[in-house]
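Structure, as structure tokens:
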Amino acid sequence: MFARDVLPALIIGVPAMFVLPMLFDAYTLTVLTAYALLALSLGFIWGFAGILCFGQAAFFGLGAYSFAIAALNMGSAWGPFFIAILVPAVFAAVFGALLFYGRLSDVYLAVVTLVMTLILFKFMNSSAGEIYKLGDARLGGYNGIPGFETLTIPWDPGEYLYDESLFYFAFGLLVLVYILLRVLLKMPFGRALVGIRENEQRAELMGYDIRLMKTIAFSIGAAIAGLAGCLFANWAEIVTPALFSLGQSAEIIIWVIVGGAGTLLGPVVGAAILGYTKFLLGQQSLIDNTFVLGVILILAVLLLPQGIFPSLVRLWHWLLARLPSAAPLRRRSGRSRRDKDV
Amino acid sequence: MSNRVELESRGLGMQFGGVHALAGVDFKLRRQELRCLIGPNGAGKSTFFKCVCGMLKPTAGDITIRGQRTNGLLPHQVARLGIGIKTQVPSVMNGLTVRENLWLAARRDNTSAVANRLVADIMDRLLITDLAAELLETLAHGKRQLVELGIVLAGQPWLILLDEPAAGLTADEVDRMIDVITDINRESSLIIVEHDMHFVRRIARQVTVFHQGRVLIDADVDTVMASQDVRDVYLGKQV
């Protein structure tokens, strides 16, 4: 497990962590990393547990708001860091239990989760009044919550994590979460989750309690989304209701589809590429950038229905198979339609 | 062979709107029995089957498995009592390999090491070891039937319900299936829903005939095959 799952992630992840800031602006990289983590959260529950959550932004937003509110009340940032993971996880466990124990499936689940994030969006937008106050934190309605403490270096509370140091921290977490998910998917629980995705009825007939397992997976996904939200809050130094918006929710799904659902690395790649494209498009005013993102989605669905990353992997295997010297390395030509190892 | 009753239904009824798919089924299965359920389409065989395994909740009557009342239990809870179910259309995990399909079934009650051994044994027994790394979606129907049977065995059930195990199999595959079923029956009780009379004649001892949601006759296979009532039911006459 270590050699196949952990090591490659470290071999690629650690150098990338130091090379990327030389090529791109650390400020941009940090938000792309938060997006990648958010995409990874949906990539996990959708691609491996078969739960299409249209409202993953809700957990992202909850993580960010929990962090901001807790930071304002506690005056420090490390406690809130954990609260930002815990609140969405608990919320998702309760909400998920209602959905999965109620046997809500597929499209209904997508609609209900979408409505959930829109309700939070509406609520946060209309929370400008004095009464919307949690301890010292005013929710602030449309303007959101600014001015909270952000993360510091744990052993040096005077030194804030920002710019490059925040990027290292975020990217390190991304690599860590990726490794944890890969290990989880190799464990019996993870393998059974994939079984549920493949055939719920059979999983039940085997004796698996799919309601409980899906609830747990949903909650894990929400915890990761919350962590992404926390990083976003530290990066933006403000949280606003836009985190819960329909656009944000849709974007996460587009990242996963374009990058490659059914893989872990695909959503990360998708989020990074599309996030960066959006950033570049934001610097010009010739074309509307949602239009361009829409075109990319359509092209990806039509031309690379498996997503960018699995297509690259297949291209790589194809190239390897063409090389006579490398041929014996390939065990069998017909690999799975989803490259589950990636 | 012990005569202990392991599965029993009393007055089992299942109503869909105004339709009585089951209208009071009394059924008993004894230990290590191999029982075939037959009957024309719509007789209630599959509904009975689904009620037993928890996919449907009966609207009347009771099911008792080894002394425990099970109506209202969910499929996974019924499965955990030690009951293996093979559905009519092979219900397998298409995107996973044969080994992984069996492993997931074996792992639920066992440690990984035990599960690995169990999977290897079962693949040996069903002669599907060479398919271990194949994805289910690439297999032909007959192999899928066999793999599904392997999944059921991997759960080490003491009672196995098979819904049309011979459907769509070639003559050779049917022979193989019969061998496997006979082999399984040495340890486990079996209930088999089947349409194919030749198949039933070859494996059955005791046969239960369903008709219009009730048990028409419950007797040994020769009596059933000779029964005028059974012939009439299959030819669509009123009994």
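Which one of the conditions (1) more than 14 Å from chain B (Cβ to nearest Cβ); (2) part of a helix (DSSP H, G or I) does A:Glu159 fail to meet, given that it meets all the rest?
The one condition A:Glu159 does not meet is (2).
Does segment A:163-194 hold any residues that are buried (at least 20 other Cβ atoms within 10 Å of the Cβ) and among the basic types (Lys, Arg), and which are they?
Passing the criteria: only A:Arg182.
Would you mind stating whether A:Val194 is away from chain B (no Cβ under 14 Å) and either in contact with a Gly (Cβ under 9 Å, 6 or more places away or on another chain) or not hydroxyl-bearing (Ser, Thr, Tyr) (or both)? Don't jump to the end; show me each part of the working.
Working: away from chain B (no Cβ under 14 Å): no; either in contact with a Gly (Cβ under 9 Å, 6 or more places away or on another chain) or not hydroxyl-bearing (Ser, Thr, Tyr) (or both): yes.
For A:Val194, the condition - away from chain B (no Cβ under 14 Å) and either in contact with a Gly (Cβ under 9 Å, 6 or more places away or on another chain) or not hydroxyl-bearing (Ser, Thr, Tyr) (or both) - is not met.
If B:Gln156 satisfies all but one of (1) on the phi < 0 side of the Ramachandran plot; (2) of a type outside the set (Lys, Arg); (3) surrounded by 16 or more Cβ atoms within 10 Å (Cβ to Cβ); (4) part of a loop (DSSP other than H, G, I, E, B), what's the number of the condition it fails?
Here B:Gln156 meets the rest and fails (1).
Look through A:Leu23, A:Leu52 and report the one residue that is over 26 Å from A:Leu139 (Cα atoms) and without any contact (Cβ under 8 Å) to a residue 12 or more places away in the chain. Break it down stepwise before answering.
Values: A:Leu52 fails: without any contact (Cβ under 8 Å) to a residue 12 or more places away in the chain.
One residue alone meets the criteria, A:Leu23.
Applying the selection to segment B:102-111, what residues are charged (D, E, K, R) and within 7 Å of chain A (Cβ to nearest Cβ)?
Result: B:Arg107, B:Arg108.
From (1) out of contact with any Leu (no Cβ under 6 Å at 6 or more places or on another chain); (2) surrounded by 15 or more Cβ atoms within 10 Å (Cβ to Cβ), pick out the condition that doesn't hold for A:Ser127.
Every condition holds for A:Ser127 apart from (1).
When you check B:Arg205 against the structure, is it charged (D, E, K, R), in contact (Cβ under 8 Å) with a residue 24 or more places away in the chain and more than 24 Å from B:Ser9 (Cα to Cα), yes or no?
Answer is no for this residue.
In segment A:55-94, how many residues are more than 18 Å from the chain's Cα centre (by Cα) and within 22 Å of A:Gly141 (Cβ to Cβ)? Even if it seems obvious, please write down each step before you answer.
Restricting attention to segment A:55-94, the residues satisfying the condition of being more than 18 Å from the chain's Cα centre (by Cα) are A:68-80, A:94.
Next cut, within 22 Å of A:Gly141 (Cβ to Cβ) only: A:68-73, A:80.
The qualifying residues number 7.
Take segment A:250-294 and flag every residue that is of a type in the set (S, T, N, Q) and touching a residue at least 60 places away in the same chain (Cβ under 8 Å).
Quick first cut of segment A:250-294, residues of a type in the set (S, T, N, Q) only: A:263, A:277, A:283-285, A:289-290.
Scanning segment A:250-294 gives a single hit, A:Thr263.
Quick one: how many residues across segment B:178-199 are touching a strand residue (DSSP E or B) at 6+ places or on another chain (Cβ under 9 Å) and modelled with pLDDT under 90? Show your work before the answer.
Step one: of segment B:178-199, the residues touching a strand residue (DSSP E or B) at 6+ places or on another chain (Cβ under 9 Å) are B:181-182, B:184-185, B:188-195, B:197, B:199.
Filter once more, keeping what is modelled with pLDDT under 90: B:194-195, B:197, B:199.
Residues flagged as touching a strand residue (DSSP E or B) at 6+ places or on another chain (Cβ under 9 Å) and modelled with pLDDT under 90 within segment B:178-199 amount to 4.
Looking at (1) touching a Pro at 6+ places or on another chain (Cβ under 9 Å); (2) more than 22 Å from A:Ala228 (Cα to Cα); (3) more than 14 Å from chain B (Cβ to nearest Cβ), which is the only condition A:Tyr168 fails?
Exception for A:Tyr168: condition (2).
Consider A:Tyr208 carefully, then state whether it is aromatic (Phe, Trp, Tyr), more than 21 Å from the chain's Cα centre (by Cα) and either at the interface with chain B (Cβ under 10 Å from one of its Cβ atoms) or part of a helix (DSSP H, G or I) (or both). Reasoning before the result, please.
Values: aromatic (Phe, Trp, Tyr): yes; more than 21 Å from the chain's Cα centre (by Cα): yes; either at the interface with chain B (Cβ under 10 Å from one of its Cβ atoms) or part of a helix (DSSP H, G or I) (or both): yes.
In short, yes.
Is one or more of the residues making up segment B:70-87 over 18 Å from B:Leu190 (Cα atoms) and touching a Leu at 6+ places or on another chain (Cβ under 6 Å)?
no
Report whether or not B:Asp222 is surrounded by fewer than 16 Cβ atoms within 10 Å (Cβ to Cβ) and over 21 Å from B:Gly24 (Cα atoms).
Working: surrounded by fewer than 16 Cβ atoms within 10 Å (Cβ to Cβ): yes; over 21 Å from B:Gly24 (Cα atoms): yes.
Spelling it out, B:Asp222 is indeed surrounded by fewer than 16 Cβ atoms within 10 Å (Cβ to Cβ) and over 21 Å from B:Gly24 (Cα atoms).
Let me confirm something: among B:Arg186, B:Arg231, which residue is basic (Lys, Arg), surrounded by fewer than 22 Cβ atoms within 10 Å (Cβ to Cβ) and within 17 Å of B:Arg31 (Cα to Cα)? Spell out how you get there, then give the answer.
On the way: B:Arg231 fails: within 17 Å of B:Arg31 (Cα to Cα).
Among B:Arg186, B:Arg231, only B:Arg186 is basic (Lys, Arg), surrounded by fewer than 22 Cβ atoms within 10 Å (Cβ to Cβ) and within 17 Å of B:Arg31 (Cα to Cα).
Going by the structure shown, is B:Arg125 in contact (Cβ under 8 Å) with a residue 40 or more places away in the chain, surrounded by fewer than 20 Cβ atoms within 10 Å (Cβ to Cβ) and touching a Phe, Trp or Tyr at 6+ places or on another chain (Cβ under 9 Å)? Quick ask: steps written out before the conclusion?
On the way: in contact (Cβ under 8 Å) with a residue 40 or more places away in the chain: yes; surrounded by fewer than 20 Cβ atoms within 10 Å (Cβ to Cβ): yes; touching a Phe, Trp or Tyr at 6+ places or on another chain (Cβ under 9 Å): no.
Spelling it out, it is not the case that B:Arg125 is in contact (Cβ under 8 Å) with a residue 40 or more places away in the chain, surrounded by fewer than 20 Cβ atoms within 10 Å (Cβ to Cβ) and touching a Phe, Trp or Tyr at 6+ places or on another chain (Cβ under 9 Å).
Could you list, in sequence order, the residues of segment B:137-163 that are more than 21 Å from the chain's Cα centre (by Cα) and within 11 Å of chain A (Cβ to nearest Cβ)?
B:Glu137, B:Thr138
Let's see how each residue does on (1) crowded, with 16+ Cβ neighbours inside 10 Å; (2) modelled with pLDDT of 90 or more; (3) part of a helix (DSSP H, G or I); (4) more than 20 Å from the chain's Cα centre (by Cα):
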{"site": "A:Ser249", "(1), (2), (3), (4)": "yes, yes, yes, no"}
{"site": "A:Ile252", "(1), (2), (3), (4)": "yes, yes, yes, no"}
{"site": "A:Val268", "(1), (2), (3), (4)": "yes, yes, yes, no"}
{"site": "A:Ala272", "(1), (2), (3), (4)": "yes, yes, yes, no"}
{"site": "A:Lys278", "(1), (2), (3), (4)": "yes, no, yes, no"}
{"site": "A:Gln284", "(1), (2), (3), (4)": "no, no, no, yes"}
{"site": "A:Ile287", "(1), (2), (3), (4)": "no, no, no, yes"}
{"site": "A:Phe291", "(1), (2), (3), (4)": "no, no, yes, yes"}
{"site": "A:Pro305", "(1), (2), (3), (4)": "no, no, no, yes"}
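Check off (1) assigned to a helix (DSSP H, G or I); (2) buried (at least 24 other Cβ atoms within 10 Å of the Cβ) for A:Arg197 and give me the number that stays unchecked.
(2)
Tell me, which helices (runs of 4 or more DSSP H) wholly within segment B:42-107 include 2 or more residues that are at negative phi, touching a helix residue (DSSP H, G or I) at 6+ places or on another chain (Cβ under 7 Å) and crowded, with 18+ Cβ neighbours inside 10 Å?
Details: elements: B:45-53, B:75-80, B:98-107.
Because the criterion is at least 2 residues that are at negative phi, touching a helix residue (DSSP H, G or I) at 6+ places or on another chain (Cβ under 7 Å) and crowded, with 18+ Cβ neighbours inside 10 Å, the helices (runs of 4 or more DSSP H) in segment B:42-107 that meet it are B:75-80, B:98-107.
What residue, of B:Arg99, B:Arg66, is touching a residue at least 60 places away in the same chain (Cβ under 8 Å), more than 8 Å from chain A (Cβ to nearest Cβ) and more than 22 Å from A:Leu212 (Cα to Cα)?
Unique residue meeting the criteria: B:Arg66.
A:Ser76 passes all but one of (1) polar (S, T, N, Q); (2) crowded, with 24+ Cβ neighbours inside 10 Å; (3) outside any helix (DSSP H, G or I); which number fails?
Result: A:Ser76 fails condition (2) only.
Quick check on segment A:47-62. Is at least one of its residues out of contact with any Leu (no Cβ under 6 Å at 6 or more places or on another chain), farther than 12 Å from A:Ala222 by Cα and in a helix (DSSP H, G or I)?
The answer is yes, given that some residue of segment A:47-62 is out of contact with any Leu (no Cβ under 6 Å at 6 or more places or on another chain), farther than 12 Å from A:Ala222 by Cα and in a helix (DSSP H, G or I).
The values are calculated or read from the model by the stated rules, or taken from the named source; none is laboratory data. None of these values were measured; they are calculated from a predicted model. As a convention, Cβ positions derive from the backbone with ideal geometry for all residues, glycine included, and neighbour counts pool all protein chains shown.
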